[in-house]
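Following: one structure in structure tokens, then a few remarks.
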């Protein structure tokens, strides 16, 4: 954890540097990302000028850019300049830190379908996982889900149109009376999740887009 703190502080300092082309264009949005909705304006040139893998997130309160600051045991640690951290494993958000509401943990009962890739998921597949929420001290909430492939769709990522397979996940959080639909747009060749809408908590839906993914960009 000490290493993570040092790494994230170092990257955060670089992210907010005035001479950073990406942050020069989006600083105002990042400062307000969790205080009020502001449009995030981002170009391919700005992304390419910053030496980090990057995602954008859109929450009900605003939008921000996050950079990959660490990867360990298949989990990517993504951080915004406002110090929010999002942990992704195989494209699924499994934990968040520093948001207004946070997902504190995720544990699948059996193998995660995200590990093999959602392009291989069978229609109608049902899974269960346990999730923890810091707010409200809700620990071990059972989340049940059902997957269904919806076919290819064109998704615009910055300046490129990408043909991606859409996979829907209808979720229910037992005991909370909460139901929602997560959506994932994946590379049909390898299942890499390029974009998604995920409900981390009942109060925190996020749209996550890989603008500089840790893989070759789909053409």
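Could you work out the per residue convex hull volume over the alpha carbons of the range 76-211, in cubic angstrom?
103
From the P(r) of the range 123-193, can you give the percent of Cα pairs sitting at distances over 20 Å?
43
Roughly speaking, what is the centre-to-centre gap between the range 120-174 and the range 72-106 when only Cα atoms are used, to the nearest Å?
Each part reduced to its Cα centre gives a spacing of 16 Å.
Only the coordinates and a few stated rules stand behind these numbers; no lab work does. None of the values given here were measured: they were computed from a predicted structure.
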